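The values are calculated or read from the model by the stated rules, or taken from the named source; none is laboratory data. Please read these numbers as outputs of a predicted model, since none were measured by experiment. Cβ placement follows ideal geometry from the backbone for every residue including glycine, while neighbour counts extend to all protein chains displayed.
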2 protein chains.
Amino acid sequence: MHILVIGAGGMVGQKLIARLSAGALPVTRLTRHDIVLPPPPPASSFPVETFVSDMSMPGEAEKLVALKPDLIFHLAAIVSGEAEADFEKGYRINLDGTRYLFEAIRKAGGGYKPKVVFTSSIAVFGAPFPDAIGDEFFTTPLTSYGTQKAICELLLNDYSRRGFFDGIALRFPTICVRPGKPNKAASGFFSGIIREPLSGQEAILPVGEDVRHWHASPRAAIDFLIQAAELDTAKLGNRRTLALPGVSCTVGEQIAALKRVAGEKVASLIRRQPDETIMKIVAGWPRNFDPKRAIALGFKAEKSFDDIIRVHIEDELGGKIPG
Amino acid sequence: MHILVIGAGGMVGQKLIARLSAGALPVTRLTRHDIVLPPPPPASSFPVETFVSDMSMPGEAEKLVALKPDLIFHLAAIVSGEAEADFEKGYRINLDGTRYLFEAIRKAGGGYKPKVVFTSSIAVFGAPFPDAIGDEFFTTPLTSYGTQKAICELLLNDYSRRGFFDGIALRFPTICVRPGKPNKAASGFFSGIIREPLSGQEAILPVGEDVRHWHASPRAAIDFLIQAAELDTAKLGNRRTLALPGVSCTVGEQIAALKRVAGEKVASLIRRQPDETIMKIVAGWPRNFDPKRAIALGFKAEKSFDDIIRVHIEDELGGKIPG
């Protein structure tokens, strides 16, 4: 199977490719795409090609689709903070880029009908919410990023219904603990307050401890993608967007978990520095879900935030807490 | 107030302009736009200009926005049947045309911030449904037309949230009884089985009598538009899309109402001729709503299908049944 990963250089893209290289899915050929050159891929039993271009420019998606990949993971996007700060860039990258890809597939002809796994986000929802958001709750995004993701979900559903490709959209929980440097996502602190202290560094907490949010680990995120790739989409009918399982907890509960897993001293590295802008954005975000469909289909995430921290220590810190 | 009506030549556009000419809203200037020349407007106390162009072509929306209308009614669309038959045309007219308009407003600058009233549709919903669709039910369109309307709703909400204009999107019930000739909408028969018999002509019924649907009269549609134009959108918060009140009834109940209002002989002009294609499309359509928000805001439709037939007789047939 020839797999194309769009957004191959991002955190999720790199982890996905590592998992593929370790034997997930019957890969015979891998094509990586990103807007800048990703780091070299890990060793693998299949050939890897890398393309660098701006898919939001007309004509670029066609070049990727001309390779006729059997399975496309479309992970590329600019994050919420950047899409909010730069209105035009957000719509160009997150909406037009995706639409160019879908159009290139539609126009490829010759019976070409790949599977397309698209990463959406819980940012398609906007407050006020019920206690737990059910699978049939409406999308009222409060960011341009969430709007762009909701639009791409609608397009994916329509293109799939029309038979142009076989799509599935996954509404990722906030991925926590993100490894590496902070990105421009307004959600960055949810990871920062765990990641930085575990590395002996101070972390800024810009919101109150009562803020509740919805999390899954990077490992769970890759599990979601692999399972979506293997899923028989006939089970989805014409509703090809899935909210995924996760852990609902408050920032206070995150900190309590950090204390349990890594001790008081580590947790003491979190510094409270309220940021009105971030507090306002986060106030509109989902807190909890009841993702019955995805659970019935077998999608799984961690059961507790303690587990999420342990996954980070295992996968990113070699199994132990530094210092 | 300078009002721009886009889609001025359509049934709703013409009736809206007639209502404006009769004194609804404090109009000082009216600009009509459509892709073909609309019939002459009725006499009015304000000047009327008419523009003919294809707003789905880049640059055309800018010419309209350059006139700086205070209020824009955006009614233009190709109907569901046509958007399903011609994928590219549907996206070009119903999505790109609307986006060009929104972009032209955003880029106009100089503090320009018009009110925009956009006609969406209950086609944003797709089966299976609850008995009555509530205001927070999710959009899973089963047609490209419904997809395009749902996307435009999301865009309108985001552009309004960002302060580019002051938008409101109205999910019209199926407008019944449509006057005039049938159009290409798959929903056309809901009107045809009333309109044609009332004019002494045979009408085709392509679906079973148990098909339930959601209706409001053309008169109610114009009431919705005028009220939306007058509504203080602060009451909508960031949820600027409203499902509207209507009458839920089966085709059998429509026919029974026709018999009550116009007699058995008129109703006998309905000829059953099942059409699998139309039956399949209609099976995915909403049947009933619980539009609490719109009702709380004061939007009103007819109370029964008998009333809907009477409105047609009053407004289109001079108050009496021909023949």
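Remarks
- The set of residues in region A:270-291 that are among the charged types (D, E, K, R), exposed (fewer than 14 other Cβ atoms within 10 Å of the Cβ) and touching a residue at least 40 places away in the same chain (Cβ under 8 Å) comprises A:R271, A:R272.
- Of all residues in region A:2-35, those that are under 13 Å from the mean Cα position of the chain (by Cα), of a type in the set (A, V, I, L, M) and outside any strand (DSSP E or B) total 4.
- Residue within region B:255-262 that is modelled with pLDDT of 95 or more and of a type outside the set (A, V, I, L, M) present: yes
- Every condition in (1) out of contact with any helix residue (DSSP H, G or I) (no Cβ under 9 Å at 6 or more places or on another chain); (2) acidic (D, E); (3) surrounded by 16 or more Cβ atoms within 10 Å (Cβ to Cβ) holds for B:E49 except the one numbered (3).
- Residues of region B:69-103 classified as in contact with a Gly (Cβ under 9 Å, 6 or more places away or on another chain) and assigned to a helix (DSSP H, G or I), total: 7
- Residues that are outside any loop (DSSP other than H, G, I, E, B) and among the basic types (K, R), drawn from region B:165-179: B:R171
- Test: residue in region A:162-175 that is without any contact (Cβ under 8 Å) to a residue 60 or more places away in the chain and facing another protein chain (nearest Cβ under 9 Å): yes
- Residues of region B:42-70 that turn out to be at positive phi and in contact (Cβ under 8 Å) with a residue 40 or more places away in the chain, as a count: 1
- Considering residues of region B:79-93 that are within 12 Å of chain A (Cβ to nearest Cβ) and of a type outside the set (D, E, K, R) only, the residue surrounded by the most Cβ atoms within 10 Å (Cβ to Cβ): B:A83
- Of all residues in region A:302-316, none satisfies the criterion of being closer than 15 Å to A:G192 by Cα and not in a helix (DSSP H, G or I).
- Counting only residues that are closer than 17 Å to A:I168 by Cα, within 22 Å of the chain's Cα centre (by Cα) and at the interface with another protein chain (Cβ under 10 Å from one of its Cβ atoms), region A:105-127 holds 1 of them.
- Pair list, Cβ < 6 Å and 6+ apart or interchain, from region A:84-100 residues that are in contact (Cβ under 8 Å) with a residue 60 or more places away in the chain to residues that are in a helix (DSSP H, G or I): A:E84/A:S144
- Residue list for region B:40-68, restricted to those being part of a helix (DSSP H, G or I) and charged (D, E, K, R): B:E60, B:E62, B:K63
- Qualifying residue in region B:130-140 (condition: part of a strand (DSSP E or B), surrounded by fewer than 24 Cβ atoms within 10 Å (Cβ to Cβ) and modelled with pLDDT of 95 or more): yes
- For region A:128-150, a residue qualifies if it is more than 22 Å from A:K292 (Cβ to Cβ), within 16 Å of the chain's Cα centre (by Cα) and within 8 Å of chain B (Cβ to nearest Cβ), and exactly one does: A:T147.
- Failed criterion for A:R178 (all others in (1) within 14 Å of chain B (Cβ to nearest Cβ); (2) closer than 21 Å to A:V247 by Cβ; (3) basic (K, R) hold): (1)
- Number of positions in region A:212-242 that are part of a helix (DSSP H, G or I), closer than 20 Å to A:D290 by Cα and of a type in the set (A, V, I, L, M): 5
- Which listed residue is within 19 Å of the chain's Cα centre (by Cα) and within 14 Å of chain B (Cβ to nearest Cβ), from A:L242, A:L231: A:L242
- Residues of region B:104-127 that turn out to be of a type in the set (A, V, I, L, M, F, W, C), outside any helix (DSSP H, G or I) and without any contact (Cβ under 8 Å) to a residue 60 or more places away in the chain, as a count: 2
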